[in-house]
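Nothing in this text is a laboratory measurement; each read-out follows from the coordinates by a stated rule. All values reported here derive from a predicted model rather than from experimental measurement. Here the Cβ positions follow ideal geometry from the backbone for every residue, glycine too, while neighbour counts run over all protein chains shown.
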Amino acid sequence: MAPEVFTRWAARTEATLDRLLPADTAEPRRLHAAMRHATLGGGKRMRPLLVYAAGTALGADEASLDLPAAAVELVHAYSLVHDDLPAMDDDDMRRGRPTVHVAFDEATAILAGDALQTLAFEALADAAAPAELRAGWMQSLARASGAGGMCGGQALDIDATGSQLPLEALQRMHSLKTGALIRAAVRMGALGAGADEARLRQLDRYADALGLAFQVRDDLLDIEASSEALGKTAGKDVAQAKSTYPALLGVDGARAKLGQLAAEMRAALEEIDGDCSLLQALGELAVRRDH
């Protein structure tokens with residue numbers, strides 16, 4: 001069971017997002033409503049929780065982490081809106097409700113994703129924090145989001161559809177598509193606590209293992225869980241001939257890989273001074289989650 005603090009941090013994130021997002025009573029109403037539909041009232045909030053857990057583990061005040069936590073979630077929400085588009089994964093359900101292009105229309109979904117991404121950087125630029133810290137947050141998030149991170153990983157995923165990548169290439173793809181934003185979330189929390197480069201590298205080891213573990217579990221859930229449990233369409237990876245860990249390693253091999261990554265997370269956290277119990281709990285959640 002997740003610690004109570006995760007519920008509280010998720011609520012803080014929801015409140016910050018609600019404050020940052022434009023009201024759907026203001027023009028352009030359709031765009032604003034789509035942005036709120038994409039962002040509020042759902043999701044695991046794993047990336048914001050990582051910001052809070054990394055920052056507070058190293059001594060940051062949680063209130064100082066509200067904006068970087070929300071910014072990471074805005075970028076994540078934008079990525080999901082675009083991933084679900086007909087030109088990408090072509091999905092009609094996300095978080096148990098219609099995807100943005102289904103609930104609104106495709107053009108509005110594209111614009112909503114664009115606007116969510118830019119809102120993330122506006123929030124960080126306006127944060128009541130030293131300029132050097134704001135720049136560090138924005139640099140971390142930008143590097144994780146672009147061609148050298150999430151977008152690059154998505155491009156590799158599209159290129160690989162219909163074929164099975166070797167393990168090394170599959171891990172590289174997911175270290176960009178899924179892992180880069182998870183690594184940025186941990187880094188942004190640590191930066192908020194004034195972490196030095198050595199501490200950041202230690203946390204990167206944990207985050208890299210967590211990012212891959214999150215994806216391996218996703219791949220397993222795609223074939224083991226129902227659409228109702230997942231809140232999105234199950235079986236999409238098989239239907240679209242995606243490269244996945246179960247396809248490459250088998251189900252038992254993917255589970256063994258998950259166990260290996262869990263051990264790597266624990267080992268990385270043991271090297272860090274400070275109370276990393278909540279980071280460890282988030283790692284365990286990623287490995288054991290059922291949706």
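Shape verdict for the chain, please, from the Cα gyration tensor: rounded (a/c under 1.5), prolate (a/b greater than b/c) or oblate.
Taking the square roots of the gyration eigenvalues as a ≥ b ≥ c, the chain is oblate.
Would you pull out the residues with amide H under 5 Å of Met93's amide H, same chain only if 5 or more places away, H placed 1.01 Å from N?
Counting only residues 5 or more places away or on other chains, the set is Thr99, Thr233.
At a threshold of 8 angstrom on Cα-Cα distance, excluding pairs fewer than six apart, so keeping six or more, what relative contact order does the chain reach in percent?
20
Restrict the search to segment 78-125; then list the chymotrypsin sites (Phe, Trp or Tyr not before Pro) that DSSP places in a loop and that have at most 16 other Cβ atoms within 10 Å of their Cβ.
Loop-located and lightly packed - none at all.
First select every other residue whose beta carbon is under 11 angstrom from the beta carbon of Gly149; then total the charges, Lys and Arg +1, Asp and Glu -1.
That works out to +3.
Sticking to Cα atoms, compute the Rg of segment 44-113 to one decimal and its Dmax as the biggest Cα-Cα distance, whole number, in Å.
15.0, 44
Which ordering of Cys276, Cys151 is given by a fewest-first count of other beta-carbon atoms within 10 Å?
Lowest count first: Cys151, Cys276.
Quick one: net charge of Met138's neighbours, Cβ under 15 Å, K/R +1, D/E -1?
Once all neighbours under 15 Å are counted, the net charge is 0.
Using a 10 Å cut-off around each Cβ, can you sort Ile158, Ile110 from fewest to most neighbouring Cβ atoms?
So the residues, fewest neighbours to most, are Ile158, Ile110.
Specify the residue with the greatest mean-square fluctuation among Gly189, Gly113, Gly59, computed from a Gaussian network of the chain linking alpha-carbon atoms under 10 Å apart.
Greatest mean-square fluctuation among the candidates belongs to Gly59.
When the dipole is taken about the Cα centre of segment 4-288, and only Lys, Arg (+1) and Asp, Glu (-1) are charged at their Cβ, what size is it in debye, to the nearest 20?
For segment 4-288, the charge dipole is close to 140 debye.
In the chain, with Lys and Arg counted as +1 and Asp and Glu as -1 at Cβ, which of these residues, Ser243, Gln260, Leu80, has the Cα nearest the positive end of the dipole, that is, farthest along it?
The listed residue farthest towards the positive side: Gln260.
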